Amino acid sequence: MFIVLEGPDGSGKSTQARLLVEHLVSRGRQVVQTREPGGTPAAEAIRSLVLNPQFAGLDDRTEALLFAAARAEHVAQVIRPALQQGAVVVCDRYIDSSIAYQGVGRSLGVERIRELSLWATADLLPDLTLVLDLDAAEGMSRVGERDRLELEPQEYHDRVRRAFVELAIHDPERYRVISASGSIQEVAQRIRHAVDEFIAGKPA
Ligand code: TYD
């Protein structure tokens, strides 16, 4: 089973991914936790390039291709092999981040970016995507030192947030929108509930 956490910057995905993994392990599952961009040495190298504020003027298409390249590597080397071994994969960000940040945020087009991402991953889609939803301004106020994308104006982050929710609304079977406001434990409880319910509803 392939579970992805998505959402705007500062929505607490990384903390929640860790807590979800602890929960699944306590239920006896074999779990692989990973993140994008990154997850392999080459993809982490792409991450440090694409998020580096030193490259402020990076072309939008270059940016989209770098995220896609990191994802191709990550799927081929980590995610697909883990799924084939029967592990649950919990991934912090995936294709929908490219759709929201590059497709909508950079106006490169939702369909173009979806196609690029599906080509990069040889069509691997998550079984369940949890969209952590938080007012974009509240999210940015939680972010400490900002990477290259976090330095974008508020209007960009508002569009990105709406894009995630739009994706979720159009496919309620594969998405759950989780409110990311409140305490870490409150959000973790919402996520555990959504995931347990999803797993219970799946044929063994
Ligand atoms: P992330 O490590 O999740 O940042 P944070 O932990 O601060 O939320 O993601 C890094 C940045 O990369 C984030 O601003 C979103 C952006 N991003 C894209 O623009 N496109 C993508 O395809 C991915 C995976 C991330």
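The values are calculated or read from the model by the stated rules, or taken from the named source; none is laboratory data. Just so we're clear, the structure is a prediction, and the values are computed from it rather than from any experiment. Counting neighbours? That spans all protein chains shown, and the Cβs are built from the backbone with ideal geometry, glycine included. Just the protein is used for accessible areas: all its heavy atoms, side chains included, with ligands, DNA and RNA removed. Shrake-Rupley method; radii C 1.70, N 1.55, O 1.52, S 1.80 Å.
What to note about this one:
- Beta carbons closer than 6 Å, at least 6 apart along the sequence or on distinct chains, pair a first residue in the range 7-24 that is over 12 Å from V160 (Cβ atoms) with a second that is open to solvent by less than 30 Å² (accessible area, probe 1.4 Å) and within 7 Å of the ligand (Cβ to nearest atom) for K13/D92; S14/D92; A17/D92.
- A72 vs. criteria within 30 Å of V25 (Cβ to Cβ), open to solvent by less than 50 Å² (accessible area, probe 1.4 Å) and within 8 Å of the ligand (Cβ to nearest atom): no
- Options L58, L49; residue that is more than 8 Å from the ligand (Cβ to nearest atom) and either open to solvent by less than 60 Å² (accessible area, probe 1.4 Å) or touching a residue at least 60 places away in the same chain (Cβ under 8 Å) (or both): L58
- Output for the range 9-36, where each listed residue is open to solvent by 10 Å² or more (accessible area, probe 1.4 Å), farther than 19 Å from P81 by Cβ and within 10 Å of the ligand (Cβ to nearest atom): D9, G10, G12, K13, S14, T15
- Test: V90 is more than 12 Å from A64 (Cβ to Cβ) and more than 13 Å from the ligand (Cβ to nearest atom): yes
- On inspection, A120 passes the criterion of being more than 15 Å from F164 (Cβ to Cβ) and among the aliphatic types (A, V, I, L, M).
- Close pairs (6 angstrom Cβ cut-off, 6 or more residues apart or separate chains): open to solvent by 40 Å² or more (accessible area, probe 1.4 Å) in the range 189-200, modelled with pLDDT of 95 or more and assigned to a helix (DSSP H, G or I) anywhere: R192/H23
- So I79, is it within 8 Å of the ligand (Cβ to nearest atom) and of a type in the set (A, V, I, L, M, F, W, C): no
- Condition met for V4 (in contact (Cβ under 8 Å) with a residue 60 or more places away in the chain, within 18 Å of D196 (Cα to Cα) and outside any loop (DSSP other than H, G, I, E, B)): yes
- Restricted to helices (runs of 4 or more DSSP H) entirely inside the range 75-188, those with at least 2 residues that are under 22 Å from D9 (Cα atoms) and open to solvent by less than 60 Å² (accessible area, probe 1.4 Å) are 110-121, 136-142, 154-169.
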